[in-house]
Amino acid sequence: MKSGSSLSGLSFDTLAVHAGQPPEPVSGAVMTPIVLASTFAQEGPGNHKGFEYSRSGNPTRNALEANLATLEGGKHGFAFSSGLGASTTLFSSLKSGDHVLSGDDVYGGTFRLLDKVMKPLGIASSFVDMTNIDKVREQIRPETRMIWIETPTNPMLKIFDIAKIAQLASEKNLVFVVDNTFATPVLQHPIQLGATVAMHSTTKYINGHSDVVGGAAVIADDTLAERVRFLQNALGAVPSPFDCYMVLRGIKTLGLRVRQASASAQTIAERLSTHPAVRKVYYPGLPTHPGHTIAKSQMSAGGAMISLEVKGGLTASRSFLEKLQIFACAESLGGVESLAEHPAIMTHASVPPEARQALGISDELVRLSVGVEATEDLWADIARALG
Ligand SMILES: *Cc1c(COP(=O)(O)O)cnc(C)c1O
């Protein structure tokens, strides 16, 4: 695309390749250069070209931030050194005495950050099943300042109604953050549905190749964005220019990857749901999923994450994970390669056992991250491992 061309009216896949990345004006390089400089020469004191020091701003990071803002349909994009770096920065916009109302089935690290770091600093939090909007309303306190959700949730893949929660948040004047890591902007647009912030662990689908740890926040509200711009620099959880380049490169195929993986996951979930060795399948693309109707209204497909219970307790789920060959047994998700993991032992070990039990994270639960390999190869692997 020629520099200066208009991006308006272009579709997601075109924007993924081009937004924030016009050809570099000096050489015409079509790929965004990795600007490793930590500092930038000024003509005279305070007279610079928009860059002073790479923590406060960097051209490669700017390109990524502009791209992410476009894809999430928000005005302001911010990139961070990890998803938790993004979360830490967003929670730091609150002050002692404030309260965060969080979904009950959040990423283990988000729970740990709220419970073990923010709570001692005076920022309280409570965790509620947000499938029931009346319960959410009841749990809002006078000091509540933020609602934080994931949908689909991790690992139970529950679906929360973004538009309904957004309406409540706006009524009560609360910042509403949606961790959009699982759905990605390919399938779901929280800001369009009324969220204030779409947050990401770019480590997952956004980068998509399991070779970067990164985070992002796209913000619709100007005042909050100004505060986060200050905090991004003041707290310093910024990504390296090299990582920004890697994430930008990954984003170019985001649509292709997520649509392929999601289509495979739909097929696999349907087959798993009738398999005799499987007790239960959690996948929002199945009509039997309790959140299916809402999922259909706010997502364009069911996503590429599936959770299932393998009949036979820990012995059976462990044996399934050991027998898989294409699916690597590993934490994380959202890469081109398929992964499988045991939430109770691996990703959600930091969630207290009683809380795990209440959420349904049993010893039989296995979480699959379906990659972009051939659907039939993936199914053959699963069928063999279920034996
Ligand atoms: C991985 C993950 C995070 C944390 O991101 P990091 O990049 O690992 O810090 C937050 N939310 C969700 C849903 C995740 O999957």
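The values are calculated or read from the model by the stated rules, or taken from the named source; none is laboratory data. The structure presented is a predicted model; accordingly, all values stated were derived computationally and were not measured. Cβ sites come from the backbone with ideal geometry, for glycine too, and all protein chains shown count toward neighbours. All accessible areas refer to the heavy atoms of the entire protein, side chains included, with ligands and DNA or RNA removed. Shrake-Rupley method; radii C 1.70, N 1.55, O 1.52, S 1.80 Å.
Observations, loosely collected:
- Only one of the numbered conditions (1) assigned to a loop (DSSP other than H, G, I, E, B); (2) open to solvent by less than 50 Å² (accessible area, probe 1.4 Å) is violated by Met31, and that is (2).
- Residue in the range 76-99 that is in the same structural domain as Gly215 (by TED's automatic domain parsing), basic (Lys, Arg) and open to solvent by less than 50 Å² (accessible area, probe 1.4 Å) present: no
- Hits in the range 174-186 (condition: among the aliphatic types (A, V, I, L, M) and either open to solvent by 10 Å² or more (accessible area, probe 1.4 Å) or free of Cβ contacts under 8 Å to residues at least 40 places away in the same chain (or both)): Leu174, Val175, Val178, Val186
- Qualifying residue in the range 114-124 (condition: farther than 20 Å from Gly85 by Cβ and either within 17 Å of the chain's Cα centre (by Cα) or open to solvent by less than 20 Å² (accessible area, probe 1.4 Å) (or both)): no
- Qualifying residue in the range 189-198 (condition: more than 16 Å from the ligand (Cβ to nearest atom) and open to solvent by less than 10 Å² (accessible area, probe 1.4 Å)): no
- Residues satisfying the criterion are absent from the range 346-358 (criterion: of a type outside the set (A, V, I, L, M), touching a strand residue (DSSP E or B) at 6+ places or on another chain (Cβ under 7 Å) and under 17 Å from Lys280 (Cα atoms)).
Yes/no per residue for (1) among the charged types (D, E, K, R); (2) in contact with a helix residue (DSSP H, G or I) (Cβ under 6 Å, 6 or more places away or on another chain); (3) assigned to a loop (DSSP other than H, G, I, E, B); (4) not assigned by TED's automatic domain parsing to the domain that holds Phe242:
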residue: Lys2; (1), (2), (3), (4): yes, no, yes, yes
residue: Ser6; (1), (2), (3), (4): no, no, yes, yes
residue: Ala16; (1), (2), (3), (4): no, yes, no, no
residue: Ser27; (1), (2), (3), (4): no, no, yes, no
residue: Leu36; (1), (2), (3), (4): no, yes, yes, no
residue: Gly50; (1), (2), (3), (4): no, no, yes, no
residue: Ser56; (1), (2), (3), (4): no, yes, yes, no
residue: Arg61; (1), (2), (3), (4): yes, yes, no, no
residue: Ala69; (1), (2), (3), (4): no, no, no, no
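- Residue in the range 351-367 that is within 16 Å of the ligand (Cβ to nearest atom), more than 26 Å from Pro190 (Cα to Cα) and open to solvent by 20 Å² or more (accessible area, probe 1.4 Å) present: no
Yes/no matrix, rows are residues, columns are (1) without any contact (Cβ under 8 Å) to a residue 40 or more places away in the chain; (2) of a type in the set (Gly, Ala, Ser); (3) outside any helix (DSSP H, G or I); (4) open to solvent by 30 Å² or more (accessible area, probe 1.4 Å):
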{"site": "Val212", "(1), (2), (3), (4)": "yes, no, yes, no"}
{"site": "Arg227", "(1), (2), (3), (4)": "no, no, no, yes"}
{"site": "Gln232", "(1), (2), (3), (4)": "no, no, no, no"}
{"site": "Ser262", "(1), (2), (3), (4)": "no, yes, no, no"}
{"site": "Ile268", "(1), (2), (3), (4)": "no, no, no, no"}
{"site": "Pro276", "(1), (2), (3), (4)": "yes, no, yes, yes"}
{"site": "Val281", "(1), (2), (3), (4)": "yes, no, yes, no"}
{"site": "Pro287", "(1), (2), (3), (4)": "yes, no, yes, yes"}
{"site": "Ile294", "(1), (2), (3), (4)": "no, no, no, yes"}
